[in-house]
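Presented below is the structure to which this report refers.
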Amino acid sequence: MSKPTFQDIARLAGVGTATVERVLNGRGGVRPALAEKVIAAARSLDYPRRLPEVHRGILRIDVILVRPETTFFARLSRAFGRIAATLDASVAVHRTFMDEHDPAAIAALIANPQARRAALILAVPDHPLIRSALVKVKEEGLPFLQIVTRAEGMEADYVGIDNYAAGRMAGLLLARMQPRNGTIAALCHSQIYQVHRDRIRGFSDYLFEKPREGQAFTVVLFGYDDTGQSADRLFEALRLWPDLVGLYNAGGANDSLTAVLRKHPRGRDIFFVGHELTDGSAAALRDGIMSVVLDQAPEAQARRAIDLLLSRLGLVVEPVSNDPIRFVTITSENL
């Protein structure tokens, strides 16, 4: 192969050739983050000369999350903390929890960080204000990715499970493992998370494409991952549909749903599929209240997200693949 040119490096780094020349010849006048992109591009193209070292100080990776009270996001945050403790001292991982009901504040933090950052990871609702902020970040050339869920229509790296496939898996389980005929209901947070829309769409598509005689997917309930509202929605479903035999919870608040089913006379007749392995969902599996848990391995998602950004910052030489994270299907038999 021929020697990479300044044009090749500029094209890969998304800068002009003059910027490449200044960086590689050590003439200065280029922002450190931009110089890092040029050096990373040159390194990835095996540019055959000694590349300059860039004094970058501390590289800060901002992580923006929501709902710290939930087991899933607590697991995800702890995973980032453990990974941060293993990184070089020149890399800092800073975690911030935001109110999911305040998209304006989330968008403001995305677009106007409180400190200079080198990269961004976020798991936040899908909202026009947030999408606009991400467009600004992308135009600025800041490396960022979305984890767990994503903004619709945003071309950016995404780390997470295939949520549409997870929904289809839930549909398969309810259609093939539920022995009783009757009504099936689904429950999720609302429509503000792409992850939940994908799961419900996969669930619905499977049951539509491969219907089982005697079963009917009747309703999607919104519980907003709130314990009180989720419990109320399930009580209402049990009242409205005396033949309810299946429940798919695409969101959180499993503990409140299992509490309802433990007390209800028909609770143990409901084939209940939910997400995320926690102490509560494990106990519900053992007690026969939950039937199957689909766990999306937040620890693996955090590791992948950090590795991808370290690669984009030029700190990891080996390429990092980004296939969907494998979700784990758990029953009482493989806890």
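So with the 1.4 Å probe, I'd like the accessible area per residue for segment 65-132, rounded to whole Å².
Heavy-atom accessible area per residue stands at 45 Å².
Test of understanding: what is the full-extension gain from GLU155 to LEU240, defined as 0.36 nm times their sequence separation minus their Cα-Cα distance?
26.4 nm
So with the 1.4 Å probe, I'd like the accessible area per residue for segment 178-335, rounded to whole Å².
45
Which of PHE208, PHE272, PHE222 moves most in a GNM of the chain, Cα contacts under 10 Å?
Evaluated over the chain, the most mobile residue of the options is PHE208.
What nm value, rounded to one decimal, do you get for the distance between ASP232 and LYS138 when each label is placed 7 Å out toward the C-beta?
For ASP232 paired with LYS138, the spin-label model returns 3.8 nm.
Relative to the first principal axis of the alpha-carbon coordinates of the chain, what is the inclination of helix 163-177, with its axis defined by its Cα atoms, in degrees from 0 to 90 and to the nearest 10?
20
Sorting GLU333, GLU209 by accessible area (1.4 Å probe), largest first, what list results?
Accessible-area ranking of GLU333, GLU209, largest first: GLU333, GLU209.
Treating cross-link reach as a plain straight distance, find the lysines whose alpha-carbon is under 25 Å from the alpha-carbon of LYS138, omitting any fewer than eight places away in the same chain.
Excluding near neighbours in sequence, the set is LYS37.
I'd like to know how the chain sits against the 2.2 N^0.38 Å rule of thumb: what's its Cα Rg over that expected value?
After normalising by residue count via 2.2 N^0.38 Å, the value is 1.17.
Obtain the nm distance between the two label points defined at THR329 and ALA105 by a simple spin-label model: each point lies 7 Å from its Cα along the Cα-to-C-beta direction.
Result for the modelled spin labels: 4.1 nm.
Semi-axes of the equivalent ellipsoid of segment 115-219: what are they in whole Å, largest first, if each equals the square root of 5 times a C-alpha gyration tensor eigenvalue?
36, 12, 10
Non-local amide H neighbours of VAL91 (under 5 Å, H modeled in plane, Pro and chain starts lacking H): which ones?
So VAL91 has HN proximity to LEU59.
The values are calculated or read from the model by the stated rules, or taken from the named source; none is laboratory data. Treat the numbers as computed from the prediction; the structure is a model and nothing was measured. Using ideal geometry, Cβ is built from the backbone for each residue, glycine included, and neighbour counts are taken over all protein chains shown. Heavy atoms of the whole protein, side chains included, go into the accessibility calculation; ligands, DNA and RNA do not. Shrake-Rupley method; radii C 1.70, N 1.55, O 1.52, S 1.80 Å.
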